[in-house]
Amino acid sequence: MSSIEFVKLEKVYKGLSDFCAVKGVDLQINEGEFVVFVGPSGCGKSTLLRMIAGLEDISGGELYFGDRCVNDLSPKERGIGMVFQSYALYPHMSVFDNMAFGLTLEKGSRETIKEKVEEVARILQIDHLLDRKPKALSGGQRQRVAIGRAIVRQPNVFLFDEPLSNLDASLRVQMRIEITKLHQRLKTTSIYVTHDQVEAMTMADKIVVLNQGRIMQVGSPLQIYNEPANTFVAGFMGSPTMNFIDVEAKDDQLSLRNGQASRSFPMPFHYSGQATLGIRPEHIELQPQADAIPVETRICVVEHLGNETLLYLTTDLCEQPLVVAVSGETSPEIGSALSIYLPLERCHLFDARGDAVRRQGKVTVS
Amino acid sequence: MKALKRRTGQVLFALAVLALLIYTIFPFYIAIVTSLQGGEGSFYLPQDFDFGNYVSVFREQPFFLNILNSALVSFGTVAISLLIAVTASYALARVHFRGRTTLLLTVLGVSMFPQVAVLSGMFELVRLLGLYNNLGSLVLSYTVFSLPFSVWILTTFMRGIPKDLEEAAIVDGATPWQIITRIFMPVLWPALVTTGLLAFIGAWNEFMFAITFILSNEQRTVPVAISMISGGSQYEMPWGPIMAASVIVTVPLILLVLVFQRKIVEGLTAGAVKG
Ligand SMILES: Nc1ncnc2c1ncn2[C@@H]1O[C@H](COP(=O)(O)OP(=O)(O)OP(=O)(O)O)[C@@H](O)[C@H]1O
Ligand SMILES: [Mg+2]
């Protein structure tokens, strides 16, 4: 087990035109932590993970495991275990041999190998499958074998690259819980790549949000949800996504582009200039509130999800319809008018560059 | 009406299959029948069963030695070209280096030269290496000719192996050599058998190099030995012994294919990496 530190890590893919996939990433991962990298497709999650694994050369910066620089070490010397999206089980070997492969290369004695493999197989509940070939396993079972192969060598660090994305929804939930339980049991430092934000929120001790090769924010799941550092994180995490409204802030007053007339509200932020107001769909209220911005809207689309209903509302505040999540029982009529209230408590303000503006003390709407 | 139509369809199909069968099997049929006749010339219908030709093949020349030579040369060629082809195709398929595509195209280009074109150059090479009238000269030249093809096929197959599989092995601590022998070769087993078999057949049947580089009867391979079988007089072809010899040397090939055919099927069904 070990902590990991990235210092200005960079990755440039050489080619006809060089492509910088990871741009100066600094990050500290503590011993035993479960860290999730999330980000949109192509943001460099896999590249970063593979650099940690040693499968991809590091173009710049340093990577430390504990206080040892591992830039030039092979994956084996780094002591990592990796689970691939495609499972990558050796097709010609039985489950037992798949899991034992790394150990046999280390030339361990037969008995200890057998003992270790069987113990891991028991933990993962695949001990009855040890004689089968990967071909004869279901997706979930293959995934377990892949995980078993990674943990049987007792690596310092576990790396997962979207391990659940080939599974169906219910199995994914089940495996997610099992991986979390496994981590609680083994307490090995783990890095998990996904683009599924539910996985990120539920599994992580620490979430790292990446975009275009840069870290956008690092924090606990609730920090990321409650205090997104910029519009990218705010819009990426949370489903349905946060509503953004262009506003003008001046002297702690917020003016909305509200038809011809603009109305001002005092705000809990200290900022002047062009800004973006963000509010999550689940935080918008339908009942009149103190300290809230009232908005007149018209319902244009209704989506029933069962547990909740999503209303898409046209307003004159912004081009995009606002999304509001309400309880599943309501059945509003398309085209009808609706008054909504945006509690200032729950609003986020982002400056012209998209960075979050820090919140001040409580303010009351007069 | 419909039933009749289907019936005619079936009959026509059966006829077509029969025609194809006769077309492909006929030469072999003639060879076998001729080899079993006592007299001269070739025959369409078996008249008697006489193994005299088979005995004479072995009595009149060191045919057993010739078979041994052929086997030695063919297995040697297969072993060496597979070893080189597997390692070369690993590099061509998996290692990024400058000029990779050019190299691959050159490999293919080389295989397009007719044998005659390289004959004199090869002869110089063989003399230089002191391999003249030595089976080594044949292994060398057959390897040269089977390599491009083997490399090309294996490279294509190796590209088809998911990269994850190789990386999983790297993470497990395997060296490139271990990756090739423990992961790639078992996965590529069907392709290896196919290319190996083709290299074997090529070497087993090769004539031109064999007659050019080998002088003595004891070093000859089978195709040359067969061509040297002479009849009662200068003007007649000893078809009986020739056919008997041909049948004798074809049997090992057929056995080889039959043995490996099962392996090929096994290899194909063992696969399935994902999904
Ligand atoms: N071998 C390569 N050569 C050049 N560019 C590459 C190479 N591999 C990846 N890239 C580029 O690097 C960027 C990051 O790729 P990466 O695979 O890390 O994305 P990702 O975040 O894992 O995306 P996904 O969620 O789709 O897996 C992409 O824009 C990709 O085009
Ligand atoms: Mg990826």
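Computed values, structure above
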| read-out | value |
| --- | --- |
| Considering residues of the stretch A:63-84 that are open to solvent by 50 Å² or more (accessible area, probe 1.4 Å) and more than 24 Å from the chain's Cα centre (by Cα) only, the residue farthest from the other protein chains (Cβ to nearest Cβ) | A:Asp67 |
| Which numbered condition B:Gly130 fails, given (1) in a helix (DSSP H, G or I); (2) free of Cβ contacts under 8 Å to residues at least 12 places away in the same chain; (3) of a type in the set (Gly, Ala, Ser) | (1) |
| Selection within the stretch A:156-202 - open to solvent by less than 10 Å² (accessible area, probe 1.4 Å), more than 16 Å from ligand 2 (Cβ to nearest atom) and under 15 Å from the mean Cα position of the chain (by Cα) | A:Ser190 |
| Contacts under 6 angstrom Cβ, first residue in the stretch A:270-288 being free of Cβ contacts under 8 Å to residues at least 40 places away in the same chain, partner of a type in the set (Gly, Ala, Ser), 6 or more apart | A:Ser272/A:Ala249 |
| The lone exception for A:Val152 - which of (1) within 16 Å of ligand 1 (Cβ to nearest atom); (2) more than 17 Å from the chain's Cα centre (by Cα) it fails | (1) |
| Some residue of the stretch A:19-27 being within 14 Å of chain B (Cβ to nearest Cβ), within 18 Å of A:Val193 (Cα to Cα) and within 16 Å of ligand 2 (Cβ to nearest atom) | no |
| Residue tally, condition of a type in the set (Asp, Glu) and either within 13 Å of ligand 1 (Cβ to nearest atom) or within 9 Å of the chain's Cα centre (by Cα) (or both), over the stretch A:203-213 | 0 |
| Single residue of B:Val11, B:Val73 found to be in contact with a Ser or Thr (Cβ under 7 Å, 6 or more places away or on another chain), assigned to a helix (DSSP H, G or I) and not hydroxyl-bearing (Ser, Thr, Tyr) | B:Val73 |
| Set B:Ser150, B:Ser146: member being more than 8 Å from chain A (Cβ to nearest Cβ), open to solvent by 10 Å² or more (accessible area, probe 1.4 Å) and under 29 Å from the mean Cα position of the chain (by Cα) | B:Ser146 |
| When residues of the stretch A:85-112 are limited to those that are of a type outside the set (Ser, Thr, Tyr) and more than 13 Å from every other protein chain (Cβ to nearest Cβ), the one nearest to ligand 1 (Cβ to nearest atom) | A:Val95 |
| Tally, over the stretch A:266-283, of residues that are part of a loop (DSSP other than H, G, I, E, B) and farther than 18 Å from A:Thr314 by Cα | 5 |
| Residue match in the stretch A:137-149 (condition: within 16 Å of ligand 2 (Cβ to nearest atom), polar (S, T, N, Q) and surrounded by fewer than 19 Cβ atoms within 10 Å (Cβ to Cβ)) | no |
| Selection status of A:Glu10, among the acidic types (Asp, Glu) and either within 8 Å of ligand 1 (Cβ to nearest atom) or within 14 Å of another protein chain (Cβ to nearest Cβ) (or both) | no |
| The stretch A:28-58, residues that are within 12 Å of ligand 2 (Cβ to nearest atom) and farther than 26 Å from B:Gly173 by Cα | A:Val38, A:Gly39, A:Pro40, A:Ser41, A:Gly42, A:Cys43 |
| Pairs where the first residue, in the stretch A:46-62, is within 13 Å of another protein chain (Cβ to nearest Cβ) and the second is among the hydroxyl-bearing types (Ser, Thr, Tyr), C-beta under 8 Å, 6+ apart | A:Gly54/A:Ser74; A:Glu56/A:Thr47 |
| Boolean, B:Leu65 is assigned to a loop (DSSP other than H, G, I, E, B) and farther than 30 Å from B:Ile161 by Cα | no |
| Test for B:Tyr132: is it away from chain A (no Cβ under 13 Å) and surrounded by 17 or more Cβ atoms within 10 Å (Cβ to Cβ) | no |
| Tally of residues being at pLDDT 85 or above and open to solvent by less than 80 Å² (accessible area, probe 1.4 Å) across the stretch A:7-25 | 12 |
| Residues within the stretch A:18-34 that are more than 15 Å from ligand 1 (Cβ to nearest atom), over 16 Å from A:Leu63 (Cα atoms) and either outside any strand (DSSP E or B) or in contact with a Lys or Arg (Cβ under 7 Å, 6 or more places away or on another chain) (or both), tallied | 2 |
| Within the stretch A:289-366, strands (runs of 3 or more DSSP E) holding 1 or more residues that are closer than 30 Å to A:Met216 by Cβ and without any contact (Cβ under 8 Å) to a residue 60 or more places away in the chain | A:292-304, A:308-314, A:322-327, A:337-343 |
| Given (1) assigned to a helix (DSSP H, G or I); (2) within 16 Å of ligand 2 (Cβ to nearest atom), number of the condition A:Ser86 does not satisfy | (1) |
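Yes/no matrix, rows are residues, columns are (1) farther than 25 Å from A:Phe160 by Cα; (2) open to solvent by 10 Å² or more (accessible area, probe 1.4 Å):
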position: B:Thr156; (1), (2): yes, yes
position: B:Pro162; (1), (2): no, yes
position: B:Asp172; (1), (2): no, no
position: B:Phe184; (1), (2): no, no
position: B:Pro190; (1), (2): yes, yes
position: B:Thr195; (1), (2): yes, no
position: B:Gly202; (1), (2): yes, yes
position: B:Glu206; (1), (2): yes, yes
position: B:Thr212; (1), (2): yes, yes
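Conditions (1) touching a helix residue (DSSP H, G or I) at 6+ places or on another chain (Cβ under 7 Å); (2) on the phi > 0 side of the Ramachandran plot; (3) surrounded by 11 or more Cβ atoms within 10 Å (Cβ to Cβ), marked per residue:
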{"site": "A:Ala325", "(1), (2), (3)": "yes, no, yes"}
{"site": "A:Ser331", "(1), (2), (3)": "no, no, no"}
{"site": "A:Ser336", "(1), (2), (3)": "no, no, no"}
{"site": "A:Cys347", "(1), (2), (3)": "no, no, yes"}
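The values are calculated or read from the model by the stated rules, or taken from the named source; none is laboratory data. Keep in mind that what you see is a predicted model, and the values were worked out from it rather than measured. Positions of Cβ are generated from backbone atoms using ideal geometry, with glycine treated the same way; all protein chains shown enter the neighbour counts. Just the protein is used for accessible areas: all its heavy atoms, side chains included, with ligands, DNA and RNA removed. Shrake-Rupley method; radii C 1.70, N 1.55, O 1.52, S 1.80 Å.
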